[in-house]
Amino acid sequence: MRDDSQALVSVIVPIYNVEKFLDQCLDSIEVQTHRDIEVLCINDGSTDGSREIICAHAARDPRVRLVDKPNGGYGQGCNLGLSLAQGRWVSIIEPDDWIEPGMYADMLELASRFDEPIDIVKTPWTDIVRWDDPKRQHPHASSLKGKLATSERPFALAEHPELIEHHPSIWSAIYRRDFLSEHNVRFPEYPGAGWADNPFLVETMCQARSILYLDRAYYNYRCDLPGSTRNHKTADAVMRPFERWETMLEIMGELGVTDEGILASHYVRGFNYAEGAMYDDGATNPLVVERIERMVSLMDPGVVERAPRISPHHKRFFAHWRGLPEPSGLPYLLSELRYSLAAEGPAFVLKSAFNHVTGRHMPED
């Protein structure tokens with residue numbers, strides 16, 4: 001048994017112009033039941049009242065530290081925090097979100113049950129939907145919740161590759177600082193937010209030898225508002241999901257990742273990004289078309305064909321964009337049924353069939 005339950009946690013909060021939400025975020029960190037924390041508030045050149053809010057919190061709580069820097073983006077701010085962190089564990093909290101009081105205590109208690117050093121403790125999160133309207137705001141369980149059971153032993157990613165299929169959600173986890181240092185894991189320093197969490201996710205998950213999963217949500221994530229990602233104004237914004245996906249694939253290659261389950265989970269992320277881009281910016285947008293064609297050209301057809309993690313729908317998507325014969329007929333329908341039963345359960349399949357055949361919605365329980 002290790003003493004992780006008493007360990008110092010370095011909480012890195014990269015901050016840029018978030019005065020509307022920052023009090024709630026910092027309050028939620030300061031009231032953690034695990035008291036041994038340092039809160040590194042990286043002020044990335046904010047021009048609103050964010051700095052004053054940090055100073056007020058630092059005056060009340062000596063665990064809170066203001067770190068000023070010129071504006072350089074999310075990744076640069078996180079890297080500065082990593083270089084200053086003193087804790088055994090590192091947590092990254094985005095300044096427009098908030099966490100539940102037992103987050104660190106429960107994660108550390110799970111890690112302390114095992115003799116071997118744990119590299120990552122991962123949890124699901126709660127999506128906060130329509131957070132701009134108090135009357136319509138509501139919590140929604142994340143796509144990861146309930147997909148895995150709380151760990152009874154540490155594991156590596158190949159055992160549960162679904163951890164890289166969903167939102168990167170690097171903030172609903174804690175990382176052993178020595179693990180990050182041993183592998184020299186840092187964030188790409190893209191301008192602005194830049195989706196720097198995508199490469200960080202792959203570098204950590206693919207190199208971790210001992211991961212724990214706690215199926216309890218503590219992190220409250222303000223997700224994109226409906227319509228807020230539609231019709232991007234710049235080519236960079238349209239291409240960003242594809243570029244990050246490709247960077248993640250390159251990192252996997254550099255790390256020597258050959259496990260088909262891990263590759264298939266990354267392909268699933270790519271299919272999801274492609275469908276999101278088609279919805280946001282149009283299925284005939286030349287940039288979207290070009291990047292989807294490039295993305296599927298980088299996928300191994302054998303992995304796509306063999307992977308049970310890739311849905312029949314996405315296999316047809318792949319075949320269409322690669323110009324391959326699309327699966328059809330009874331074998332395809334049976335594979336789709338098997339996938340739906342495994343992924344969603346018999347109740348979902350029965351309800352979907354009822355709705356499709358009758359044109360009505362099956363009554364809720």
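So, in segment 167-206, exactly how many residues are under 18 Å from the mean Cα position of the chain (by Cα) and assigned to a helix (DSSP H, G or I)? Within segment 167-206, residues that are under 18 Å from the mean Cα position of the chain (by Cα) and assigned to a helix (DSSP H, G or I) number 11.
Let's see how each residue does on (1) within 20 Å of GLN24 (Cα to Cα); (2) surrounded by fewer than 22 Cβ atoms within 10 Å (Cβ to Cβ); (3) not hydrophobic (A, V, I, L, M, F, W, C):
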site	(1), (2), (3)
ILE42	yes, no, no
ARG51	yes, yes, yes
ILE54	yes, no, no
LEU66	yes, yes, no
GLY72	no, yes, yes
LEU82	no, yes, no
ARG88	no, yes, yes
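Filtered by the rule that a residue be modelled with pLDDT under 95, buried (at least 17 other Cβ atoms within 10 Å of the Cβ) and basic (Lys, Arg), segment 286-313 gives a lone residue, ARG309.
Within segment 30-38, is there a residue that is assigned by TED's automatic domain parsing to the domain that holds LEU8, out of contact with any Ser or Thr (no Cβ under 8 Å at 6 or more places or on another chain), among the hydrophobic types (A, V, I, L, M, F, W, C) and assigned to a helix (DSSP H, G or I)? No, segment 30-38 has no match at all. Inspection of segment 19-29 finds no residue satisfying the criterion of being assigned to a strand (DSSP E or B) and either farther than 15 Å from MET103 by Cα or touching a helix residue (DSSP H, G or I) at 6+ places or on another chain (Cβ under 6 Å) (or both). Total residues in segment 218-256 satisfying the condition of being in a loop (DSSP other than H, G, I, E, B) and crowded, with 21+ Cβ neighbours inside 10 Å: the figure is 1.
Would it be correct to say that ARG186 is under 17 Å from LEU80 (Cα atoms), surrounded by fewer than 22 Cβ atoms within 10 Å (Cβ to Cβ) and not small (Gly, Ala, Ser)? Judged against the criteria, ARG186 is a match.
Would you mention how many residues in segment 108-150 are loosely packed, with under 15 Cβ neighbours inside 10 Å and within 23 Å of ARG88 (Cβ to Cβ)? Matching residues across segment 108-150 total 3.
The values are calculated or read from the model by the stated rules, or taken from the named source; none is laboratory data. If you're wondering where the values come from, they're calculated on a predicted model, not measured in any experiment. Positions of Cβ are backbone-derived with ideal geometry, glycine not excepted, and every protein chain shown enters the neighbour counts.
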